[in-house]
1. Exactly one condition in (1) in contact (Cβ under 8 Å) with a residue 60 or more places away in the chain; (2) surrounded by fewer than 16 Cβ atoms within 10 Å (Cβ to Cβ) is not met by P101; state its number.
2. Given (1) over 19 Å from D102 (Cα atoms); (2) surrounded by fewer than 20 Cβ atoms within 10 Å (Cβ to Cβ); (3) at pLDDT 90 or above, identify the lone condition not met by C10.
3. In segment 12-59, what residues are touching a Leu at 6+ places or on another chain (Cβ under 8 Å) and assigned to a strand (DSSP E or B)?
Amino acid sequence: MRPQFETAFCATLVVHNAVNKIDALDSVALACNSVVSDSGTPNPWIPLSDHTWIEMEIPKFGEPPPLAIDVYSDVNDDHAKVQALWVLEALETSTVWRVTPDFTV
């Protein structure tokens, strides 16, 4: 079950490549050594730890990239950003995607 917290902090990564939803979820899960939870539903997510998870906003049909990868933490904003940078590094190692943080590093 997806984590439900009253307060969740989010750090967003932007993927500047055209990627479909299934491939994006699978690629991110593989890069992060995780799995896609609730696949086949409107709200799939990827667990990273007890306090961190990923959700994605995929562009609608016909919309151009970017793809937004939202890394959530229930700890604090800095924790979300550190985890997002870890995800960015994992994606740079395992994909050919161009990924940038949408926050100040």
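The values are calculated or read from the model by the stated rules, or taken from the named source; none is laboratory data. All values reported here derive from a predicted model rather than from experimental measurement. In this analysis, Cβ positions are derived from the backbone assuming ideal geometry, glycine residues included, and neighbour counts consider all displayed protein chains.
1. (2)
2. (1)
3. Passing the criteria: L13, V14, V15, I46, I54, M56, E57.
Per-residue answers, yes or no, for (1) closer than 20 Å to R98 by Cα; (2) of a type in the set (S, T, Y); (3) surrounded by fewer than 16 Cβ atoms within 10 Å (Cβ to Cβ); (4) modelled with pLDDT of 90 or more:
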| residue | (1), (2), (3), (4) |
| --- | --- |
| P42 | no, no, yes, no |
| I54 | yes, no, no, yes |
| E63 | yes, no, yes, no |
| I69 | yes, no, no, yes |
| Y72 | no, yes, no, yes |
| D78 | no, no, yes, yes |
| A84 | yes, no, no, yes |
